[in-house]
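Q: Below you will find the structure I want to go over with you.
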Amino acid sequence: MILSVEKLNLSFEDKSGKRKILDDVSLSVEEGEIVGIVGLSGAGKTSLLRTLNLLQPVDSGSILFDGLDIVGLKESEVRNVRKKIGVVFQSFNLYRYRTLYQNITFPLKIQGIAKKEIEERVMNIATELGLEHRLRAYPSQLSGGEQQRAAIARALVMDPKMILLDEPTSALDPKTTGRLLDLVVSLNEKHGITFVVVTHDMDVIKRTCDRVAYLQNGKLDFFGPTHEFFVKIENNEVSDFGKPLELEKGLLSANKKILRVLFWGTRTHEPVLWKIAKENDVMINILYGKIEELKNGPFGTLIIGVEGDKQDLFVEELRKSVFFLEEVC
Amino acid sequence: MLSQIFNATLETLYMLLLSGFLATSLGIPLGVGLYLCSRSRGLKGLYALLDLLVNIFRSIPFIILVLLLIPVTKQVMGTIIGPNAAIFNLTIAAIPFMARLSENSFNGVPSGIIDSSNSMGLNRWQMVTRVLIPETLPDQIGNVTVLLINLVTYTAIAGAVGAGGLGQLAINYGYYRFQWDVVFYAVIVLVAISQFLQFTGGRLARRLRK
């Protein structure tokens with residue numbers, strides 16, 4: 001476990017009084033994992049991210065990073081911890097009057113690392129991120145995607161154990177978003193870097209996250225594997241994401257029994273439905289279906305109508321082999 | 001007359017550049033101090049005090065400040081007339097001005113850049129020398145330009161109380177002896193100096209601003 005957050009509390013004071021931003025939030029991140037922090041704007045996502053390297057001091061609670069409780073450390077000790085945690089901000093925050101090369105080398109230069117070593121490390125990272133031809137450009141001359149990668153390069157150059165990403169895709173177009181997510185996954189797999197990603201972009205969650213922490217009004221409403229989060233979304237327990245599927249009235253009246261079924265993992269590829277239907281001699285009618293590729297396996301939603309004498313038996317059998325089953329009517 | 005104007009111009013430039021240099025090299029650190037105090041919870045009191053001092057010094061009209069400073073000037077410089085005494089007065093007047101200008105520029109650095117610098121583990125000294133100053137460099141060039149142009153006016157005012165330079169020339173020959181051509185030439189040189197400063201400063205700032 002690289003990061004363990006226990007009972008974090010944070011509140012801000014303003015004219016209208018005390019506002020609770022984080023309310024007893026506890027979560028943990030394993031080494032080499034990608035964890036997503038999701039929630040509506042104002043749910044406390046970014047505040048939570050900022051507490052993780054103490055940019056935002058907390059009221060109470062503990063943050064164990066790499067076995068060390070970093071809450072209440074002296075300022076000089078905090079600085080040392082921060083050097084092990086890379087942060088890529090939503091607005092990238094590159095130095096405006098430094099070239100891309102100078103931006104990427106900056107964290108190394110302030111640590112007094114030898115010039116030769118800096119050059120080698122920076123060239124390797126720039127090449128890996130496809131920035132090698134832009135090193136002399138100033139931030140204002142770079143595209144959004146390039147600025148984003150520059151910010152990632154600047155975080156990588158410190159050889160961090162963990163990188164915090166704040167809304168990494170909010171400023172990118174869909175194509176650049178795709179490339180960025182591939183990059184995050186490949187950095188995670190190749191270098192074993194742990195990522196904590198604040199986002200409200202479903203694509204980020206689907207394609208990169210192993211686990212998801214869902215914040216609502218400063219409280220941790222859910223923390224678990226990504227597919228379980230999707231079950232919650234499909235079951236309409238997460239009002240902020242997606243909207244409930246509304247079936248056409250005609251369909252409802254034409255079918256005697258309607259089931260909503262969620263699949264996850266390797267079973268998604270097997271003809272489970274067909275097998276069980278055949279065994280129980282029922283007719284099935286597929287009303288709706290979709291499969292999403294999550295990082296930890298395919299996730300399918302299916303709505304089917306069932307007809308036949310043994311339909312109750314069919315439902316019982318099916319329930320055993322799928323992730324979730326609900327009788328709609 | 002021409003040699004008088006030439007000598008007066010040299011005196012004005014001497015006062016201008018030296019007081020400008022001193023005010024910049026003392027004013028920017030004071031500006032850094034103001035900025036850091038305003039952002040540190042424990043130093044709000046110190047900030048209030050510095051802020052008040054800066055405001056007081058900036059609101060005293062220069063000619064009155066010169067009069068008020070006479071005993072101090074005499075102690076420090078040994079005299080109250082001539083360019084060197086004027087440089088002392090000009091510097092005292094310009095430091096709070098420069099401090100305020102630079103503080104405003106520091107406040108203009110996007111908070112995200114401060115955050116990301118903090119997240120890299122910079123200490124306070126590195127924050128000032130590697131982030132605050134470089135990130136405000138074009139603005140600070142603009143500030144120094146404004147400062148110097150203000151000092152051009154101040155040197156002329158100082159000339160009225162014995163500082164020498166173009167201001168004194170204009171008053172002694174023009175105002176008291178009705179030699180309006182001297183006033184005219186003095187003004188032309190002063191305007192030319194201001195224009196040159198504005199042009200050079202503006203160009204430099206633009207070149208640094210990427």
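What follows is calculated from the coordinates using simple rules that are stated; it is not laboratory data. What you are looking at is a predicted structure, and each value in this text was computed from that prediction instead of being measured. Using ideal geometry, Cβ is built from the backbone for each residue, glycine included, and neighbour counts are taken over all protein chains shown.
Q: Skipping prolines and chain starts, which residues have an amide H placed within reach, meaning under 5 Å, of the one on A:Ala137, given they are 5 or more residues away or on another chain?
A: A:Leu100, A:Tyr101
Q: Can you compute the helix-only [θ] at 222 nm over chain B? Use -39500 (n - 2.57) per DSSP H run of at least 4 residues, normalise by all residues, nearest 500 deg cm²/dmol.
A: After summing the helix terms and dividing by residue count, I get -26500 deg cm²/dmol.
Q: Based on the alpha-carbon gyration tensor of the range A:54-105, what equivalent-ellipsoid semi-axes (square roots of 5 times the eigenvalues) come out, in whole Å, largest first?
A: For the range A:54-105, the ellipsoid semi-axes come out as 28, 12, 10 Å.
Q: Turning to a different aspect of this structure: State, in angstrom, two size descriptors of the range A:257-329 derived from its alpha carbons: Rg to one decimal place and Dmax to the nearest whole number.
A: Rg and Dmax of the range A:257-329, Cα atoms, are 11.7, 39 Å.
Q: Run the numbers on chain A and let me know its relative contact order in percent, using alpha-carbon pairs under 8 Å that are six or more apart.
A: 18 percent
Q: Give the long-range amide H neighbours of A:Gly36: residues separated by 5 or more places, or on another chain, with amide H under 5 Å away, using H modelled in the peptide plane at 1.01 Å from N.
A: A:Val197, A:Asp210, A:Arg211, A:Val212, A:Ala213
Q: When you take every Cα atom in the range A:169-219, what is the radius of gyration, and what is Dmax, the widest Cα pair distance, in Å?
A: 11.8, 36
Q: Also: Can you tell which of A:Thr177, A:Gln102, A:Val157 lies farthest toward the positive end of the dipole of the range A:92-215, using +1 and -1 charges on the Cβ of basic and acidic side chains (Lys, Arg; Asp, Glu)?
A: Positive-most Cα among the choices belongs to A:Gln102.
Q: Is any helix in chain B, taking whole DSSP H runs, at least 18 angstrom long along its axis by alpha carbon and on average at least -1.0 on the Kyte-Doolittle scale, and which ones?
A: B:2-39, B:44-59, B:83-107, B:133-159, B:180-208
Q: Report, in deg cm²/dmol and to the nearest 500, the calculated mean residue ellipticity at 222 nm for chain A, where each DSSP H run with n ≥ 4 adds -39500 (n - 2.57) and the sum is divided by the residue count.
A: Taking each H run of at least 4 residues, the total per residue is -10000 deg cm²/dmol.
Q: Mind jotting down the distance between the C-alpha centroids of the range A:94-148 and the range A:1-24, whole Å?
A: 35 Å
Q: At a Cα cut-off below 17 Å, give the lysines reachable from A:Lys219, other chains included and same-chain residues fewer than 8 away excluded.
A: Within the straight-line cut-off, A:Lys219 pairs with A:Lys7, A:Lys18, A:Lys20, A:Lys45, A:Lys232.
Q: In addition: Determine the principal axes of the Cα atoms in the range B:9-71, then give the extent along each, sorted from largest to smallest and rounded to whole angstroms.
A: Dimensions of the range B:9-71 along the principal axes of its Cα atoms: 48, 23, 18 Å.
Q: A:Asp159: net charge of surrounding residues, Cβ under 9 Å, Lys/Arg +1, Asp/Glu -1, itself excluded?
A: So the surrounding residues net to +3.
Q: Let me ask something else. Roughly how crowded by other chains is peptide A:88-99, in terms of the mean Cβ count from those chains within 10 Å of each of its Cβ atoms?
A: Going residue by residue through A:88-99 and averaging, the value is 5.
Q: Still on this structure, I have one more. Rounding to the nearest 20 debye, state how big the charge dipole of chain B is about its Cα centre with +1 on each Lys and Arg Cβ and -1 on each Asp and Glu Cβ.
A: Here chain B has a charge dipole of around 460 debye.
Q: Still on this structure: Determine which aspartates and glutamates satisfy two conditions relative to A:Lys109: a Cα distance under 17 Å, and not lying fewer than 8 residues away in the same chain.
A: Correct list for A:Lys109: A:Glu117, A:Glu119, A:Glu120, A:Asp159, B:Glu135.
Q: Could I ask something else about it? Students often check this: by mean Cβ neighbours within 10 Å, which of A:10-21, B:135-146 ranks highest, and how do the rest follow?
A: Ranked by mean Cβ neighbours within 10 Å, highest first: B:135-146, A:10-21.
Q: Short version: what are the Cα gyration tensor semi-axes of the range B:9-140, square root of 5 times each eigenvalue, largest first, in whole Å?
A: 33, 17, 11
Q: Please express the Cα-Cα pair-distance distribution P(r) of the range A:1-99 as a list of whole percents, one per 5 Å bin, running from 0 to the bin with the greatest distance.
A: Percent of pairs per bin, in order: 3, 11, 21, 23, 20, 13, 7, 3, 1.
Q: Just counting partner chain Cβ atoms within 10 Å, what average do the residues of peptide A:76-87 show around their Cβ?
A: The shielding value for this peptide is 3.
Q: Now, a different point. If Lys and Arg each add +1 and Asp and Glu each add -1, what is the summed charge of the other residues whose beta carbon sits under 10 Å from the beta carbon of A:Ser140?
A: Surrounding charge for A:Ser140 is +3.
Q: Say R0 is 51 Å: what FRET efficiency, to the nearest 0.05, do B:Met1 and B:Thr129 get from their beta-carbon distance?
A: Using R0 = 51 Å, I get an efficiency of 0.55.
Q: Average projected area of the Cα convex hull of the range B:124-163, in nm²?
A: Orientation-averaged projected area of the Cα hull: 3.7 nm².
Q: Here's a follow-up. Leaving out same-chain residues fewer than 8 places away, which lysines sit with a Cα under 16 Å from that of A:Lys275?
A: Of all the lysines, those that pass the test against A:Lys275 - Cα under 16 Å, at least 8 places apart if same chain - are A:Lys310, A:Lys320.
Q: Show me the three semi-axes of the equivalent ellipsoid for chain A, from the C-alpha gyration tensor (sqrt of 5 times each eigenvalue), largest first, rounded to whole Å.
A: 44, 24, 17
Q: Could you tell me what a quarter of the Cα convex hull surface of the range B:83-210 works out to, in nm² with one decimal place?
A: For the range B:83-210, the mean projected area of the Cα convex hull comes to 9.1 nm².
Q: Each label point is 7 Å from the Cα along the Cα-to-Cβ direction; what then is the distance between the points at B:Asp181 and A:Ser28, in nm?
A: 9.4 nm
Q: Could you quote the convex hull projected area for the range B:171-210, Cα atoms only and averaged over all directions, in nm²?
A: It is 2.7 nm².
Q: Which one of A:Thr51, A:Ser62, A:Gly32 has its Cα pushed farthest toward the positive end of the charge dipole of the range A:21-62, where Lys and Arg give +1 and Asp and Glu give -1 at the Cβ?
A: A:Thr51
Q: What is the dipole size for chain A, taken about its Cα centre, with +1 at each Lys and Arg Cβ and -1 at each Asp and Glu Cβ, in debye to the nearest 20?
A: 1260 debye
Q: Please report Rg over Rh for the range A:13-64, where both radii come from the alpha carbon positions and Rh follows the Kirkwood definition.
A: Ratio value, two decimals: 0.98.
Q: Show the residues, 5+ positions off or on another chain, whose built amide H is closer than 5 Å to the amide H of A:Leu294.
A: A:Phe299
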